[in-house]
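Engineer: A single structure is presented below for examination.
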Amino acid sequence: MALVDVTKTCLDSIRQIAEHVDGSIVYLDAGSTESFQLMGAFPVLLDLGARAVCSLENMCSSDQVVDWNSSSDPARKVVVITSRLLSDAHRYILRCLSTHQGVCCCTIFTSISELAHSAYPDSPLGPDAFREYESLLVQDYEEFAKKCVTKTKQQEYSNLKEDMNLNSEEGWSQLTFIEGDTPHLDASPTGRDFYKDNIVEGTEDVGQKLLVSVHHFPMILCPLSPRVFVLPSEGSMAEACLSVEHADAFSPGLPPLSTGSSFDGDDTPPGATLTANFLYHLAAKMDLKMEIYSLGDLSNTVGKMLTDMSSLYDVGRRRRSAGLLLIDRTLDLLTPCCHGDSLVDRMFSSLPRREKTKYYTHIRGSDSKPNNGPSSLQRASLDVHIPLVKILNDEDYQTYNFQLSESVEAFLCGWDSSNSDSQIVDLINLRNKIHNSEPLYSKLEHLNGSFVSTDNFRGTPYLEAILDRRTKDGSILVKKWLQEAIRRENLTVNVKSRPGFVTKQELQAMIKALAKSQSSLLRNKGIIQLAAATLVALDESNSSRWDAFMSAEKILSVSAGGDTSQNLASQIEDLINKSAFVKSLGQKKGKTEASKALLSFQDALLLMVTGYILAGENFPTSGPDGPFSWQEEQLLKDSVVDAILENPGVTKLKFLDGLVEELESNVNRINSEENKEVSPNQPDKDDFDDDQWGEWGDEDANDDEDSGKKDSYGNMQLKLELRDRVENLFKFLHQLSSLKRKNKPLRDGTFASESNFGGDPYASKGLLYKLLMKVMNKTDVPALEYHSSTVGRLFKSGFGRFGLGQAKPNLGDQNVIMVFIVGGINGLEVREAQEALSDSGRPDVELILGGTTLVTPDDMLDLLMGNSSYIR
């Protein structure tokens, strides 16, 4: 039987829509672009006959000029693939059709099913969502096209932007077009043909020429390997809220605490609905029949939804049996907050990310937004930028710049000047700019790389091979691949190499050697990009900070294993004081000194989160409200207040909203007073006759005294306000420390004996490792809920009274197990999941690991204390 492969299933799904892709311009939104880039789908789209693959949000009329399949006829088909709700993508789809008005067929693929569209609270579509949207899109397009027909002169199109704000009451024509949205009909041949055919002939029924069809395309996900995946960060599923604001919730991006309560109707977070629909269709695409298990309140809700969907649609279908294990992220917040020994985690934390696309969501009505919080949030992009251009020296820059110039000249020689005079002028100007102006690499990042999960070494995908590797092991493996590529290219690299060690110099030398020629760069692009990402992760500026975190977290873990909480509290206080002092001292000595501080105050706050979670697990009753005594916590509060007063620029902390400007003004005032020094040439007051000058200047002195009193009063008010904010911060930390006590699966004793940080290596593992070890060893987990099918419920409720009850199946009996963590996963958990299979003696099990997103420690700080937090 074939092995389960998420990436292959995604690519096969794309090939199944070949008839729609052939001969069309394909538009991908930001989430789909993220997904298709990771799975390496762009070559597949071109092989299927796509004329061009373009960005939906950044579309322009010249997209039709780029034709990879050399078709002489103008494009008449457009395919839009979106990971968002149709209502959210509508403004971009309409802008696309309005720009390319020669298009007569528009096919839309969305990853959100019809059922999910109708169940989503902000969606204006009903049960027949796809048909409804087809008619609404055609209606809005007709409104726009009719207004264009009434224009008879070219200069009247200067007001087209105003016309685009349609006012139809039935469709979604109340769209606000941002700068650059206005299409230009004369920018492409099809636009000119459309303008000529319809305006000259006076045809007004232009909307009837557009054929729209909407289909469900569920396989828009980001496969990091054939068996590890997350959802696109800019898709509706990843951005949908997993909790509403209440006492047991930390962030809209995390499930609430699992107190044993269930969600009813309108209280169900939209993220649960979208996640359930996605997992159901994913299992169908992979031809798997799921036995569903869950751990956590939100996971139980998702499991119930999946069971109901399976009962309705899976009758009579024969599929391969598999187990699905759903886990709430909130059951283990410690693992994603810590800096584990994972090369992939280091990479994603060190590499810059692509800027997020600003979306204008469509709300059903002014009163439809829930009162208990937002329905979506911003996730960190998975599209990392690997700075290949920075690895090359200035000589390589100039060589690349010259090659680019020659390529432009060659392109000019083959250009059809009879039809594209204006384009010739533009390209000539570009060539002259390359020769005469500053190098293009100073403005454009031509050699930015990105991860592609299908890039492989002799059939083994690079990302899959390093996902479960520690930092040292993964770096050595990357070095081995580079050396093999060097031998294959018959290249020589003069650099010292030590077996079992990896240095920045040898990695950089081998990368530059492989990138010396364009042919070698293309053949080895996969390992070059991965090696460049490794180089960034191992750079001193990034690795030193990560290692400092690991060292501090180890100290906190050891302190948490003591008899009292005093040592742990003093360690947290010391981290806060050091981060504030070093930063303050560095600012006085200059930016260079300030940059030497490895851990900032924000980093110290993240370590405080770790410390409070550890304290809650080991000292739950030390204090009246939290894990520390009143005296210990008061010292911590004073340290936090002093640190913020010294360094008010700690932005992106939600509990300081509205107070940062006042704090900065206060520090600037204090610094200006300290910098006032008496001039050495200023005469001493005793050198003058007091009687001669009398009481001159007393009025100014009184004014200064009054001003000083006002400043003192204002400073006192500011400190009082700051102390109130810090009190709210510590109430939030108390909530984090109660994870073990309030989370019912942990409180019931399932993992209580393993929640210490002593010398036992098993005890330091995350929840996923411990749970998989129990599952693989077929140990009973009381908190694990099994969601039986309709037949199973019938046996339980009806035939059970006659002794014909159905026994609860064991998840460990399955040969295929999919684990999905609602809220996100990290690279360390991927490694620990593989270690669980090996340590339990079950390497034969096919384990698929997925999550809402890929979370780094910085992402967790944003979720818990940043703009994505419920903290007040």
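The values are calculated or read from the model by the stated rules, or taken from the named source; none is laboratory data. Small disclaimer: the values here were computed from a predicted structure and weren't measured. No Cβ is skipped: glycine too gets one built from the backbone with ideal geometry, and neighbour counts run over all protein chains shown. Accessible surface is based on the protein model in full, side chains and every heavy atom, while ligands, DNA and RNA are left aside. Shrake-Rupley method; radii C 1.70, N 1.55, O 1.52, S 1.80 Å.
Engineer: Among the numbered conditions (1) in contact (Cβ under 8 Å) with a residue 12 or more places away in the chain; (2) assigned to a loop (DSSP other than H, G, I, E, B), tell me where residue 563 comes up short.
Structural biologist: (1)
Engineer: Separate question: Scan region 834-848 and give yes if some residue there is under 30 Å from residue 655 (Cβ atoms), in a loop (DSSP other than H, G, I, E, B) and among the polar types (S, T, N, Q), otherwise no.
Structural biologist: Quick first cut of region 834-848, residues under 30 Å from residue 655 (Cβ atoms) only: none.
Scanning region 834-848 turns up no residue that is under 30 Å from residue 655 (Cβ atoms), in a loop (DSSP other than H, G, I, E, B) and among the polar types (S, T, N, Q).
Engineer: Also: Counting only residues that are assigned to a helix (DSSP H, G or I), open to solvent by less than 10 Å² (accessible area, probe 1.4 Å) and among the aliphatic types (A, V, I, L, M), how many does region 332-353 have?
Structural biologist: Looking only at that region, the number is 3.
Engineer: Quick check on this structure: which one of 732, 799, 751, 795 is at pLDDT below 65 and open to solvent by less than 70 Å² (accessible area, probe 1.4 Å)? Give the derivation first.
Structural biologist: Details: 732 fails: at pLDDT below 65; 799 fails: open to solvent by less than 70 Å² (accessible area, probe 1.4 Å); 751 fails: at pLDDT below 65.
The match here is 795.
Engineer: Out of (1) over 23 Å from the mean Cα position of the chain (by Cα); (2) surrounded by fewer than 24 Cβ atoms within 10 Å (Cβ to Cβ), the odd one out for residue 122 is which?
Structural biologist: Here residue 122 clears every test but (1).
Engineer: Okay, moving on. Can you tell me which condition residue 453 does not meet? The list is (1) open to solvent by 10 Å² or more (accessible area, probe 1.4 Å); (2) assigned to a loop (DSSP other than H, G, I, E, B), and all the others hold.
Structural biologist: Going through the list (1) open to solvent by 10 Å² or more (accessible area, probe 1.4 Å); (2) assigned to a loop (DSSP other than H, G, I, E, B), residue 453 breaks only (1).
Engineer: Shifting gears a bit: For the list (1) part of a helix (DSSP H, G or I); (2) in contact with a helix residue (DSSP H, G or I) (Cβ under 9 Å, 6 or more places away or on another chain); (3) among the aliphatic types (A, V, I, L, M); (4) at pLDDT 80 or above, I need the number of the one condition that residue 509 fails.
Structural biologist: (2)
Engineer: Within region 537-553, track down each residue that is open to solvent by 50 Å² or more (accessible area, probe 1.4 Å), closer than 21 Å to residue 334 by Cα and charged (D, E, K, R).
Structural biologist: Those that are open to solvent by 50 Å² or more (accessible area, probe 1.4 Å), closer than 21 Å to residue 334 by Cα and charged (D, E, K, R): 545, 547.
Engineer: Now a separate question. Take residue 44 and tell me if it is closer than 25 Å to residue 450 by Cβ, in contact (Cβ under 8 Å) with a residue 40 or more places away in the chain and of a type in the set (Val, Ile, Thr). Quick ask: steps written out before the conclusion?
Structural biologist: On the way: closer than 25 Å to residue 450 by Cβ: yes; in contact (Cβ under 8 Å) with a residue 40 or more places away in the chain: no; of a type in the set (Val, Ile, Thr): yes.
Judged against the criteria, residue 44 is not a match.
Engineer: Among the candidates 66, 138, 103, which residue alone is modelled with pLDDT under 85, more than 31 Å from the chain's Cα centre (by Cα) and either over 30 Å from residue 284 (Cα atoms) or open to solvent by less than 10 Å² (accessible area, probe 1.4 Å) (or both)? Before you say what the answer is, go through the steps one by one.
Structural biologist: Details: 66 fails: more than 31 Å from the chain's Cα centre (by Cα); 138 fails: modelled with pLDDT under 85.
Result of the check over 66, 138, 103: 103.
Engineer: Mind checking whether some residue in region 248-258 is open to solvent by 20 Å² or more (accessible area, probe 1.4 Å), more than 23 Å from residue 814 (Cβ to Cβ) and modelled with pLDDT under 90? Even if it seems obvious, please write down each step before you answer.
Structural biologist: In the first step, residues of region 248-258 are kept if they are open to solvent by 20 Å² or more (accessible area, probe 1.4 Å); the result is 248.
The next check asks that each one be more than 23 Å from residue 814 (Cβ to Cβ); those that pass are 248.
So of that shortlist, the ones also modelled with pLDDT under 90 come out as 248.
Checking region 248-258: at least one residue is open to solvent by 20 Å² or more (accessible area, probe 1.4 Å), more than 23 Å from residue 814 (Cβ to Cβ) and modelled with pLDDT under 90.
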